[in-house]
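Contents: one structure, followed by commentary.
The values are calculated or read from the model by the stated rules, or taken from the named source; none is laboratory data. Computed from a predicted model, the values in this text were never measured in an experiment. Cβ atoms come from the backbone with ideal geometry, glycine included; neighbour counts cover every protein chain shown. SASA here: full protein model, heavy atoms, side chains in, ligands and nucleic acids out. Shrake-Rupley method; radii C 1.70, N 1.55, O 1.52, S 1.80 Å.
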Amino acid sequence: MLLWTVLLGCQEPFGLDRHDLRGFRIAALTAHVEGGRVFPRVAMVVDGNLYADSPVDLQWGWVEREGDAVTLETFEATGPAPVLPIRAARLALVARYGDQEARAELAIDDQVAVSPRLEMLALPENVQDIGPADLELENRSSWAGDGQPSVDPGGFARFRVLGAPDGARARFMGTAGEFWELDAFTTDWAAGSLTIDDEEVVERVVLEPGPFTILALLLDAGSGVAALDGFVGTPEAGSWTRGRFLQGGLTAPYWGTLVADDGATSGIAVRDVQYASPTDQALWTPDGLDCVGVSGPFDPNWLLDQRCTRDVLAGERVLVVPDP
Amino acid sequence: MTLLALIANVWAAEVEVIVREHGSGAPLDAVVTVAGREVTTGPDGRLVLDLDASTTVSIAAPGYITTVAEITLPTDRAKVWLRAAPPPMEIVVEGRRTTADVSRQAVDAEVAFETPGNREDAVRLVQSLPGVAVQREYSPSAGTLSIRGSSPHDSRYFLDGIEVPYLYHFNQYASVFPASQLQQLELFASTFGPAWGDSVGAIVNAESRRDAPETVHGSAFLNFVVVGGQVRAPLGKGWWASGGVRRSYQDLYGSATDQYTLWPVFSDTSLQIEHGDDRRGTGLFLWTASDRYERAAGELDLLDPWETETVPRLDFRRGFQVGGIRHHWRTADDWGQAVAAVVGDHLDGDLTGNGSQHTRTLGLQTRVDAHHRFSPDLGWDLGMALRTETTRLRVEDPGPARLLVATETAALARGEPVDGELGRVSGGLYGTLHATLGPVRLMPGARLGFDTLNDAATFEPRVSAVTSLGDTTTLRVGGGRYTQRPPTEHLFPGTGDPDFPTTTSWQGVVGLDQTIAQRLTLHVEGYRKDVRDVLQIQVDRPAHVEDRGTATGLELTWRYRIREILFLHGWVGVSRSHIGSAPGPGDQPVNMGLVTSWDPSSRWNLAARYRMGSGLPFTPVEGSVYEATRDTWIPIPAAVNSARMPLYQKLDLRAEYTVRFARWSLSANVELWYVPKKSAQLYPAYDFDYTDTTWVRGPTIFPLAGVRARW
């Protein structure tokens, strides 16, 4: 680490970093604490998808010291939406899917659940045109964008977390692209990548057209996750619900039949849509779904937090309320 | 030969002849022969000749080339510089003086300066001695001394009997005292005599120069990291002074980076004022060392742009000051030294927004070593060491980023706020009898130690014996008990455990010296160490104690040396060491080295060094836990030392050219270090969630250059 190594050491870069929603990974673990009980939620990436076809085995327990989750064998609850009485300092989660396993911990002190939202602004810059100096923080601060759900291949977008409490900070992840954070709640994102070596751009890569998802995790003064789907290139026909795009969706509350869609970042699309009446909206509940802990109109993020799997949703007819 | 041609004159005159040493300018006692008549210079190298015509004189002095000079009148003064005669072809049979330390190796200045790969640093040469694990250059452990299987904290480092808090700047680049100030460096790899205690590893003891300078000498040097100089000068009436200073300078011309906002800078100074010479003297000394840098707590290459602006920064400062008084004496039958020094040591780490660690130690170390020989067959060594110190440890507001600075501020990384002070008094009395019984020199002895942070006094019996097996063969054996208390920082409640037990060790060694054709010395030595209650200090987990550790090894060493012309050293070692069921941190099954230096002429020096060591063990990361509170991953280490670095090899080549002027000389050197590509791995690096691994690599070829002026 010191003198010689700083001067002379070098290493090959890794293919992935923490922004990449790939493989089998616990992307976020949040919780709300109330009345001596904790209500945790997890955001899972399964085989590179923000959904799973079959349930991920989620087991919950308690540990006292950091890192002890690695040896945890006694669990108090299972499933994606447990309610646990607080028994120790740290909540531990073991997630298994086939032969894959991931473990996580969360310190349970002053956890306040918040419901942040993500805003997307398309920027005029493109990875084909800019250099390292343009990416300096103060230069990017002057970039201005407008609210659009898509960017050109190689284009930049800005994502901002709305509804975050003071003192919080956000961490961003995505299914594609490259991040250039701007401040505690804002990141610039490129639909492509730049490889910079010694202040020179040595490679420019442009993303192919298609959907992507940005995930924001709130830390420190609040605990919450927001997801937002966008497009590189022209958006498909459909609508957004809770930040997630449903191909075939309408722009007002509607009934639709869920179908598996491997091309969608949420894993599903809607077919046979028809507008819903105010009465439908008032009466419908998801009780008929084989999901865990869900309520209200259909939310595609139920797949992200594993409360529903794609297999049980496929073919179900649900009420969907699109984002305004 | 030197020929002086002076302007002719027909008148008679008194001419002052001044004879001085070429290079240093020191006055010489010389004999000047004029027309068959011999005249001797005074102590100031001067004489006056009464000449009535131009003439030729011959000037001779022991150890110098006789010079003929022509003095041409008119003139009133003639200066003559005599060059030192070439040294005789002195073959040095590096026999071992008979001490109670069976495993003793010594390095002198010639070897230190002419061995490539050390940057003229004698202490770094310790890493090229048998029994010392070969470390990877440029790596964070480059300065780690793991000797005969011991952990680095098992060994102790002394300068004139006073323990210095640390040996290398940044544990890497250079030792904290320059070679030019040292007379000798000794390594006691294991099984040392009763004079040394509170160590189950090895002892490194440096001795500062005690020979009084007759005139002002000095040197200045510059290489690509450090600039420095030293001077030795007589002060009159038996007093003399010596001092040196070194400083890294890359910080001075804007080398700061986003990662290192204050580029690593180190310096050290030494000052010695002494009355007397190497036979008897009393002096005051002062040594200081200082290391500082400020770095981002985290690898900026792995962080987002905004995070790089907000990541905590560690302001790290480390240093010590040692000031004291020393008296030494040496006669045919008695020799020894008494020394007392105040030692201040500090370590400060301020991690913005994530806490700080401040460690201050202030102590008084005293030591007396006395040796007396009643006859060639009987004598004793007696001595004592007493150390009084107080350590203040303050750890405040440790935040989550503390884990990123565990290598520098270990107490902060443990995350427990501490504000405490521990006083500690420790020491020991020792005695060794030297008795010759027939062909055997027997040296039984013992050390009685105490430590106020210990539960009981320690008794450490030790014995060694030497016997000649013919004119050219010597057998040495030794063994004994050794103990060591944990470092004070690990005895603090909160960051340590006051109940950590004392580590104890039984050690034994057998060695055989063989001289071949009065030129080549061979030495083979086998050792065994059995350690109980082994303290394990690791950066990634709290210190803990393992029940047992062992180290076993065999070393073959050979030396051939013609002083000032050639030396050739080599060694091969095989060893195994374990702590608990795992390999020890210095477990290097095979290592070897070869060092040679040759002066083909008075101007050139050519040298080479080759080192090879099997890969040292390390603890890899086998998985991680996602820490959702901070959105980071906690590495999960695999079994301790369950993986090994690849085989390491390094070849260092050096050439130096010296130009000598009348009063000074200038040397320029170039070095080329070569590490094969397969050996260039420095340490493993892991991706964000520890699921992917790669190696941080160092360069395979690295050139260096430096200049040194001596006068």
Go through A:V270, B:L422, A:L58 and say which Cα lies farthest out towards the positive end of the charge dipole of the protein assembly as shown; charges sit on Cβ, +1 for Lys and Arg, -1 for Asp and Glu.
B:L422
Average partner chain C-beta neighbours within 10 Å, per residue of A:96-109?
3
Only protein chains counted, 1.4 angstrom probe. Which residues of the range A:70-89 are at least 40 Å² less accessible in the assembly than when their chain is isolated?
A:V70
Kindly provide the trypsin sites (Lys or Arg not before Pro) of the range B:198-263 that DSSP labels as loop, not H, G, I, E or B, and whose Cβ sees at most 14 other Cβ atoms within 10 Å.
B:K237
Just the accessible area for B:H328, please: 1.4 Å probe, Å², rounded to the nearest 10?
0 Å²
The protein assembly as shown - percent of accessible surface contributed by carbon and sulfur, probe 1.4 Å:
56 percent
Between the DSSP loop rule and a limit of at most 14 other Cβ atoms within 10 Å, which GluC sites (Glu not before Pro) in the range B:578-672 are left?
none
Computed label-point distance, nm, for sites B:D315 and B:D301 using a 7 Å Cα→Cβ extension
2.8 nm
Using Cα centres only, tell me the gap between the range B:613-628 and the range B:152-211 in whole Å.
32 Å
Extension length gain for B:A26 and B:V425 (0.36 nm per residue less Cα distance), in nm, is 138.8 nm
B:D530 to B:L235: extension gain in nm, 0.36 nm per residue of separation minus the Cα-Cα distance?
101.1 nm
Just to verify a number: FRET efficiency for B:A668 and B:E16, C-beta to C-beta distance, R0 = 41 Å, to 0.05?
0.65
Would you please give the residues with an amide H less than 5 Å from that of B:R697, counting only those at least 5 places away or on a separate chain, with H modeled from the backbone geometry?
A:C10, A:Q11, B:L682
Rounded to the nearest 20 debye, dipole of the range A:117-232 from Cβ charges on Lys, Arg, Asp, Glu
660 debye
Could you pull the Cα extents of the protein assembly as shown along its three principal axes, largest to smallest, in whole Å?
135, 72, 48
Ignoring ligands, DNA and RNA, how much accessible area is buried between chains B and A, both sides summed, with a 1.4 Å probe, to the nearest 100 Å²?
4000 Å²
Rg/Rh of the range A:238-320 (Cα atoms, Kirkwood Rh), to two decimals, equals 0.92
So the FRET efficiency between B:V590 and A:D53, C-beta based with R0 = 60 Å and rounded to 0.05, is 0.65
Find, among the GluC sites (Glu not before Pro) in the range B:184-222, those assigned to loop by DSSP (not H, G, I, E, B) with at most 16 other beta-carbon atoms within 10 angstrom.
B:E214
Could you work out, residue by residue across A:9-20, how many beta carbons of other chains sit within 10 Å of that residue's beta carbon, and then give the average as an integer?
6
Accessible area (Å², per residue) of the protein assembly as shown, counting only protein heavy atoms and a probe of 1.4 Å
41 Å²
Considering only DSSP beta bridges whose two residues both sit in the range B:13-82, what percent are antiparallel, to the nearest 5?
75 percent
Please report the accessible area of A:R242 (heavy atoms, 1.4 Å probe, ligands and nucleic acids excluded) in Å², nearest 10.
150 Å²
If the label point sits 7 Å along Cα→Cβ of A:E208, residues of the range A:43-63 with amide N under 19 Å come out as A:48-50
Roughly speaking, what is the centre-to-centre gap between the range B:337-385 and the range A:199-277 when only Cα atoms are used, to the nearest Å?
68 Å
If B:S505, B:S624 are ordered by their accessible area, calculated over protein heavy atoms with a 1.4 Å probe, which sequence runs from highest to lowest?
B:S624, B:S505
Within chain A, cysteines having no neighbouring cysteine beta carbon under 4.7 Å are A:C10
Only residues of the range B:347-377 count here: report those whose backbone N is under 17 Å from the spot 7 Å along Cα→Cβ of B:L386, or say none.
B:363-370
Amide H contacts under 5 Å for B:L159, placed H, 5+ residues apart:
B:V164, B:A206
What FRET efficiency, computed as 1/(1 + (r/R0)^6) with R0 = 51 Å and r the Cβ-Cβ distance, is obtained for B:I273 and B:T693, rounded to the nearest 0.05?
0.40
Mind listing, in residue-number order, the residues in the range A:23-57 that have at least 40 Å² less accessible area with every protein chain present than in their own chain alone (1.4 Å probe)?
A:R25
Along the Cα→Cβ direction, 7 angstrom out, place labels at B:T436 and A:F14. What is the inter-label distance in nm?
6.7 nm
Charges on Cβ only, +1 for Lys and Arg, -1 for Asp and Glu, centred on the Cα centroid of the range B:291-385; of B:V311, B:G344, B:A332, which one is farthest towards the dipole's positive end?
B:A332
Work out the charge dipole of the range A:238-320 with +1 on the Cβ of Lys and Arg and -1 on the Cβ of Asp and Glu about the Cα centre, then indicate which of A:V312, A:S295, A:T241 is farthest towards its positive end.
A:T241
Treating only the Cβ of Lys, Arg, Asp and Glu as charged (+1, +1, -1, -1), what charge dipole size does the range B:168-292 show about its Cα centre? Round to the nearest 20 debye.
280 debye
When we measure straight from the Cα of B:K677, which lysines land under 24 angstrom away, once same-chain ones fewer than 8 places off are left out?
B:K650
Debye, to nearest 20: dipole size of the protein assembly as shown, +1 on Lys, Arg Cβ, -1 on Asp, Glu Cβ:
4500 debye
Through the Karplus equation 6.51 cos²θ - 1.76 cosθ + 1.60, θ set to phi - 60°, convert the phi angles of the range B:337-345 into ³J(HN,Hα) values in whole Hz; use x for Gly and Pro.
7, 10, 9, 9, 8, 8, 10, x, 9
Computed over chain B, the relative contact order (Cα-Cα under 8 Å, seq sep at least six) in percent reads 10 percent
Just report the Cα centroid separation between the range B:413-452 and the range B:671-707, whole Å.
40 Å
